[in-house]
Amino acid sequence: MSSEKKTARIAGILYLIIAITGAFGIMYVPTQLFVSDDINLTAKNILDHELLFRFGILSNLVCQTVFVFLALTLYNLFKNVNAHLARTLVALVIVGVPIAFFIIFNEYYILLILKENFMNGFTSTQQNALAMLSLKMYGNGNVIIGIFWGLWLIPFGQLAYRSNFIPKILGILLILGGVSYLIDTATFILFPEYHSKTGILVGLTSATAEFAMVGWLLIKGVKTKK
């Protein structure tokens, strides 16, 4: 196995870990526990299924940590294609991950609000309201961090397109996915009533592009030069 193919396979494995942990922490756990606009039921669900909630937090942290190693691995894979774009990819990930960690802390803050003794001076209604505020900050933060989730895909797509070992269509899809994230975040801030529609756009473009790239890196690795 060539060095490039080995690096591509490692990137594919890391990307798969991100996909699994991200889907679990960002998508599965919230659908099981969070009830829109129902503070009391959401708080009850979190306390009744605390271990699941904690696994969701851990999963999100693992996702972001592995993201750093994926960026470094992709740098090694693409540095000979265009070093500037490869460095830009890494820089965008390195900046975005600490912001994501701060957003994830809002989940842990919910447990502090609902469980710690220093909150005894608050009524249960006040505690639940604070917990819901933290939950809203977490949810909204995950949309706003889409700026970096989108930006890093653009140099990634350019590198894939310019390389001779990854199909150009994957590069195009990644760029479209990155632009979709940016549109989604901008829409959320400027025209929140239309955000549900741009969220679908992200799902159709970014998710398709990234899962296709995961599959290619794992199965094909890179095109073998003849």
On average over all directions, what projected area in square nanometres does segment 60-177 have, based on the convex hull of its Cα atoms?
-> 8.0
For mean projected area of the Cα convex hull in nm², which listed value, [x] 15.6; [y] 13.0; [z] 13.8, comes from the coordinates shown?
-> [y]
Could you work out how far helix 208-219 tilts from the main Cα principal axis of the chain, as a 0 to 90 degree angle to the nearest 10?
-> 60
Distances over 19 Å make up what percent of all Cα-Cα pairs in segment 140-226?
-> 39
Using a 10 Å cut-off on Cβ atoms, rank the peptides 23-29, 158-164, 111-117 from the highest mean neighbour count down.
-> 158-164, 23-29, 111-117
In deg cm²/dmol, rounded to 500, what helix-only [θ] at 222 nm does the chain give when every DSSP H run of at least 4 residues adds -39500 (n - 2.57) and the total is split over its residues?
-> -26000 deg cm²/dmol
Within segment 139-226, pairs of Lys residues whose Cα atoms are less than 23 angstrom apart, provided they are eight or more positions apart or on distinct chains, add up to 4
Quote the relative contact order of segment 122-226 in percent (integer), defining contacts as alpha-carbon pairs under 8 Å separated by 6+ residues.
-> 24
Ordering 188-195, 38-45, 86-93 by per-residue average of other C-beta atoms within 10 angstrom, highest first, gives 86-93, 38-45, 188-195
What angle do you read, to the nearest 10 degrees and between 0 and 90, between the alpha-carbon axis of helix 153-162 and the longest principal axis of the chain?
-> 10
Just need the Rg to Rh number for segment 1-110, please, alpha carbons only, Kirkwood Rh.
-> 1.12
On a 0 to 90 degree scale, rounded to 10, what angle separates helix 168-190 from the longest Cα axis of the chain?
-> 30
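Every number in this text was worked out from the coordinates using simple rules, so none of it is lab data. What you see is a predicted model; the values in this text were computed from it and never measured. Cβ: placed from backbone, ideal geometry, glycine included. Neighbour counts: every protein chain shown.
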